[in-house]
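Taking it in order: structure first as structure tokens, then the write-up.
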Amino acid sequence: MSGADELDEAVALANGAAHGARRGDGREAPEGGETPRPRSGDAASGTGRGAGNRTDRESGSQTRDVPGSADGSGAGSGTDGGPRGGSPAPSPDDGDELAAPDWVTPRSARGGGHRSGRTAGEAPSHARDAPWPDARTHAARAAGPLPSLALPLDQALDHTLGAPLDALTDLPSFDTSAMDGWAVSGPGPWSLADDATGTGILAGDTSEPRPLPDGRAIPIATGARIPPGASAVLRSEYGESEGGRLRTTRRPQPGTDIRPRGQECRSGDRLLPAGTRVTPAVLGLAAAAGYDRLTVTRRPRAEVLVLGDELLHRGVPHGGRIRDALGPAVAPWLSALGAEVIVTRRLGDDAEALHEAVATTTADLLVTTGGTARGPVDHLRPTLARVGARLLVEGVRVRPGHPMLLARLPERQEPGTGGGPLLVGLPGNPLAAVSGLVTLAAPLIRALGDRPAEREVFARITEDVQGHPRDTRLVPVAFAPAASRARPLHFNGPAMLRGVATATALAVVPPGGASSGSDVQVLPLPWFAW
């Protein structure tokens with residue numbers, strides 16, 4: 001049995017065990033200090049609608065209102081996956097699913113080979129109520145790298161190299177002076193060369209320097225070509241010219257302050273492998289090596305669909321409506337993860353507008369906020385069934401954020417797209433949506449963008465953290481990497497953003513909780529440089 005087969009079998013067994021352990025009423029046990037919610041997730045406010053979910057996106061990508069939504073502004077379920085209008089929450093085992101869950105699925109959705117040497121993955125089977133680590137694995141294996149393209153250097157930042165970076169020339173391409181001073185020949189004393197007038201040899205001088213005879217010196221600038229016959233460079237602070245002679249108290253050893261040709265690399269040397277993230281330093285190296293364009297993996301194009309008529313997109317909440325907190329947050333979060341966000345669209349609770357957006361998207365990734373439950377105005381699941389999408393992950397054993405989902409839309413006809421677009425359905429409660437971003441969107445964007453796998457980071461928790469009896473919890477923390485400590489933050493309920501707004505990471509708290517002083521995995525937030 002291959003490693004991939006063993007992983008899928010383990011996931012299927014874990015999923016089966018999870019179903020056997022599910023409570024009959026589909027509700028979670030209460031967490032300490034948090035309001036219990038239906039498994040499908042009713043609102044933290046107890047109204048069947050979440051509080052403080054999403055607002056329109058102001059920067060980085062276009063924001064567009066869609067006609068037909070309430071006053072042109074409403075979108076999203078506003079729940080952590082719960083039904084709308086207060087109707088009872090069905091169990092995740094109830095019907096009303098997409099076309100039959102395929103527990104054993106053809107393993108062909110990942111697409112072409114991985115250019116950084118990793119084996120191309122295989123499409124995971126439908127994982128329902130998946131353990132949190134398995135859900136992240138499913139998301140990482142749901143897609144392969146997008147096609148490569150050549151971009152000018154000024155457009156390649158934050159992409160991933162789609163081909164190795166090999167030197168096009170020796171670096172440096174000629175012997176060059178590392179300091180301002182004098183090029184000298186021999187052990188000295190030295191007299192100034194006959195042509196040692198004015199500024200001497202300057203960087204960028206295209207004329208061929210004359211040979212320097214033994215016992216002679218000539219002024220030279222940093223980066224200038226070393227003349228034939230020169231044995232060293234005497235720094236300007238160590239010498240003084242007087243009466244046509246060069247006086248010094250320090251005699252440089254042969255080769256001092258000369259950068260020999262090819263010191264950094266020879267033409268054809270492998271500088272960086274495919275799969276390397278293009279940072280400012282990588283751009284500098286590529287330019288020095290002679291590149292005008294880089295072959296990079298295309299970043300996934302993402303589109304954000306904000307759902308729900310209860311949302312306001314400006315002003316103070318009033319009249320039973322709430323401000324959209326996710327519209328302004330999700331698109332920049334996706335950008336920080338490596339996606340190129342095309343547009344944020346506010347669709348309200350308009351089933352036809354949602355169907356049109358999903359069926360006609362040109363993006364590689366759709367991210368929806370709210371509407372992941374089965375309430376009367378939760379149109380996401382019926383829309384996915386209508387367009388013939390296939391669920392890959394349906395519910396994750398994580399709090400908050402259990403009702404998140406991952407689906408693949410039908411394959412597009414354009415060549416080189418590597419399969420149909422993917423859709424990540426985020427719950428409507430803000431912290432639950434953040435949970436969906438780090439659980440499903442982050443590993444998926446890494447796979448699409450051919451980014452290196454995220455390394456696991458652990459820290460010592462400084463306080464007891466109560467856990468869920470069955471599920472993983474994601475808790476905002478102040479993470480101090482130098483001390484490897486993580487301090488839990490307050491305001492960590494599913495409808496809250498106050499805690500994560502001051503956090504630098506999310507702590508992964510296992511079922512049962514974590515005691516003070518124990519080590520837990522932490523997920524640094526994408527903008528936290530540590």
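The values are calculated or read from the model by the stated rules, or taken from the named source; none is laboratory data. No experiment lies behind these values; they were computed from the predicted model shown. All Cβ positions, glycine included, derive from the backbone under ideal geometry; neighbour counts span all protein chains shown.
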request  = Answer yes if at least one residue in region 297-319 is among the polar types (S, T, N, Q) and more than 22 Å from the chain's Cα centre (by Cα), and no otherwise.
outcome  = no
Of the listed residues (Ile461, Ile445), the one being under 18 Å from Ala329 (Cα atoms) and β-branched (Val, Ile, Thr) is Ile445
Taking region 450-464 and keeping residues modelled with pLDDT of 95 or more and either assigned to a loop (DSSP other than H, G, I, E, B) or within 30 Å of Gly371 (Cβ to Cβ) (or both) leaves Thr462, Glu463, Asp464
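Just name the residue that is modelled with the lowest pLDDT out of those in region 289-311 that are more than 30 Å from Ala329 (Cβ to Cβ) and not aliphatic (A, V, I, L, M). First the steps, then the outcome.
Filtering region 289-311 down to residues more than 30 Å from Ala329 (Cβ to Cβ) leaves 289-295.
Adding the requirement that they be not aliphatic (A, V, I, L, M) leaves 290-293, 295.
On the way: Gly290: 92, Tyr291: 96, Asp292: 96, Arg293: 97, Thr295: 97.
Among those residues, the one meeting the criterion is Gly290.
Checking the condition part of a loop (DSSP other than H, G, I, E, B) and not assigned by TED's automatic domain parsing to the domain that holds Ala140, which residue from Ala495, Ala486, Ala507 passes? Don't jump to the end; show me each part of the working.
Working: Ala486 fails: part of a loop (DSSP other than H, G, I, E, B); Ala507 fails: part of a loop (DSSP other than H, G, I, E, B).
Among Ala495, Ala486, Ala507, only Ala495 is part of a loop (DSSP other than H, G, I, E, B) and not assigned by TED's automatic domain parsing to the domain that holds Ala140.
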Would you confirm whether or not region 425-447 contains a residue that is on the phi > 0 side of the Ramachandran plot, modelled with pLDDT under 95, touching a strand residue (DSSP E or B) at 6+ places or on another chain (Cβ under 9 Å) and not in a helix (DSSP H, G or I)? no
With criteria (1) small (Gly, Ala, Ser); (2) touching a residue at least 24 places away in the same chain (Cβ under 8 Å); (3) touching a strand residue (DSSP E or B) at 6+ places or on another chain (Cβ under 9 Å), Ala287 comes up short on (3)
Checked against (1) surrounded by 14 or more Cβ atoms within 10 Å (Cβ to Cβ); (2) under 20 Å from the mean Cα position of the chain (by Cα); (3) closer than 28 Å to Glu340 by Cα, Ala495 satisfies every condition except (2)
Exception for Asp269 within (1) surrounded by fewer than 13 Cβ atoms within 10 Å (Cβ to Cβ); (2) charged (D, E, K, R); (3) modelled with pLDDT of 90 or more falls at (1)
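Considering only residues that are touching a Leu at 6+ places or on another chain (Cβ under 9 Å) and either of a type in the set (Gly, Ala, Ser) or in a strand (DSSP E or B) (or both), look in region 510-530 and name the one that is surrounded by the most Cβ atoms within 10 Å (Cβ to Cβ).
The initial filter retains those residues of region 510-530 that are touching a Leu at 6+ places or on another chain (Cβ under 9 Å), namely 522-526.
From the residues that got through so far, the ones that are either of a type in the set (Gly, Ala, Ser) or in a strand (DSSP E or B) (or both) too are 522-524.
Numbers: Val522: 24, Leu523: 20, Pro524: 17.
Taking the candidates together, the pick is Val522.
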Those residues of region 133-157 which are buried (at least 17 other Cβ atoms within 10 Å of the Cβ) and in a loop (DSSP other than H, G, I, E, B) amount to Ala142, Ala143, Gly144, Pro145, Leu146, Ala156
Would you mind stating whether Leu440 is within 17 Å of Ala135 (Cβ to Cβ) and in contact (Cβ under 8 Å) with a residue 40 or more places away in the chain? yes
